[in-house]
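Following: one structure in structure tokens, then a few remarks.
The values are calculated or read from the model by the stated rules, or taken from the named source; none is laboratory data. Owing to the predicted nature of the structure, the values given are computational and were not obtained by experimental measurement. All Cβ positions, even for glycine, are placed from backbone atoms using ideal geometry, and neighbour counts span all protein chains on display. Only protein heavy atoms, including side chains, enter the accessible area calculation; ligands, DNA and RNA are left aside. Shrake-Rupley method; radii C 1.70, N 1.55, O 1.52, S 1.80 Å.
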Amino acid sequence: MTKTQQEMIQKVLEFSKRDSRIIGLAISGSYITKSLDEYSDLDFLIVVDDKSYEEVIEERLLIVEQFGTLVSAFTGEHVGEPRLIISLYDSPILHVDFKFTTLDGLLDRVEDSAILYEENNCITKIYSKKEAHFPTPDLQWIEDRFWIWVHYACTKIGRRELFETIDFLSFLRQSVLAPLIQLLLGKLPRGVRKIELDAPQYIEALERTVATHEYESCVNALQATINLYLELREELSQCPIVKKVEAERVALQYFQDLIK
């Protein structure tokens with residue numbers, strides 16, 4: 001942990017203890033795993049009492065201005081989290097996320113954040129009511145869609161929409177391949193984030209799924225994506241799924257006809 005990160009944590013903690021509307025403060029992300037480094041952001045959960053929640057939500061941009069030289073901040077609707085304020089500070093530079101929530105908002109969560117402050121063990125009590133659950137890949141959900149996705153990628157290659165192809169292959173790597181690799185290795189399925197650390201043995205295979213803006217590169221990357229998916233599906237065969245055999249046959253035949 002850097003000095004800048006330590007100082008920010010202390011500022012937010014002191015503010016939370018002073019403001020009577022705030023009943024708890026927790027921190028998530030790299031802090032929990034003790035893997036904070038100079039590139040890490042800070043992820044705070046600011047727990048507000050029910051009666052003051054709307055008031056604090058209205059003031060949240062003013063609140064985050066108090067913690068340093070704020071150069072920009074915005075709400076997190078783009079990630080489906082309007083309670084979130086994503087902020088950037090300068091002198092020194094630091095990215096900090098603040099999620100303002102009530103106690104009930106902590107019930108459905110992907111992890112137990114580290115508690116920095118709480119009144120009357122309020123966060124601890126909420127955590128005891130329901131366990132955190134990190135969503136895992138649904139293999140059947142993926143299999144039901146994968147071959148239609150392959151056909152879609154083929155049509156983009158065929159039309160020479162190569163930027164669209166590159167983006168779509170990235171989606172498959174993020175949403176299918178990396179989570180399946182992490183599931184296989186007993187890691188948290190968080191997409192390509194930190195995949196280099198989680199799965200170094202799969203890096204070469206994943207590299208082959210990355211395309212450049214060239215027709216042949218896109219074809220090869222799609223083939224590599226298909227090959228890796230089939231390999232992972234086989235490796236995960238202990239997880240029962242109904243294979244979409246006919247969809248697989250049709251999609252693969254379309255791909256072969258495309259590249260003849």
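Please indicate, with yes or no, whether at least one residue in segment 185-199 is farther than 24 Å from Tyr39 by Cα, surrounded by fewer than 19 Cβ atoms within 10 Å (Cβ to Cβ) and modelled with pLDDT under 95.
Of all residues in segment 185-199, those farther than 24 Å from Tyr39 by Cα come to 185-186.
Those left that are additionally surrounded by fewer than 19 Cβ atoms within 10 Å (Cβ to Cβ): 185-186.
Cutting the leftovers down to modelled with pLDDT under 95 gives us 185-186.
For segment 185-199, residues farther than 24 Å from Tyr39 by Cα, surrounded by fewer than 19 Cβ atoms within 10 Å (Cβ to Cβ) and modelled with pLDDT under 95: present.
Residues that are more than 30 Å from Arg18 (Cβ to Cβ) and aliphatic (A, V, I, L, M) do occur in segment 129-145.
All told, Ile148 meets the bar of being of a type outside the set (Asp, Glu), loosely packed, with under 14 Cβ neighbours inside 10 Å, within 27 Å of Cys218 (Cα to Cα) and touching a residue at least 24 places away in the same chain (Cβ under 8 Å).
Condition first: open to solvent by 40 Å² or more (accessible area, probe 1.4 Å) and at pLDDT below 90. Now tell me which residues in segment 1-30 satisfy that. Within segment 1-30, Met1 is the sole residue that qualifies. Phe98 satisfies every condition listed in (1) open to solvent by 30 Å² or more (accessible area, probe 1.4 Å); (2) in contact with a strand residue (DSSP E or B) (Cβ under 7 Å, 6 or more places away or on another chain) except (1). Of the strands (runs of 3 or more DSSP E) lying entirely inside segment 19-77, those containing at least 3 residues that are out of contact with any helix residue (DSSP H, G or I) (no Cβ under 7 Å at 6 or more places or on another chain) and touching a residue at least 12 places away in the same chain (Cβ under 8 Å) span 69-76. Evaluating Ala205 against the criteria (1) surrounded by 16 or more Cβ atoms within 10 Å (Cβ to Cβ); (2) farther than 21 Å from Trp149 by Cα leaves one unmet condition, (2).
One residue stands out among those in segment 216-230 that are within 23 Å of Gln182 (Cα to Cα) and in contact (Cβ under 8 Å) with a residue 24 or more places away in the chain: the one that is most open to solvent (accessible area, probe 1.4 Å), which is Gln223.
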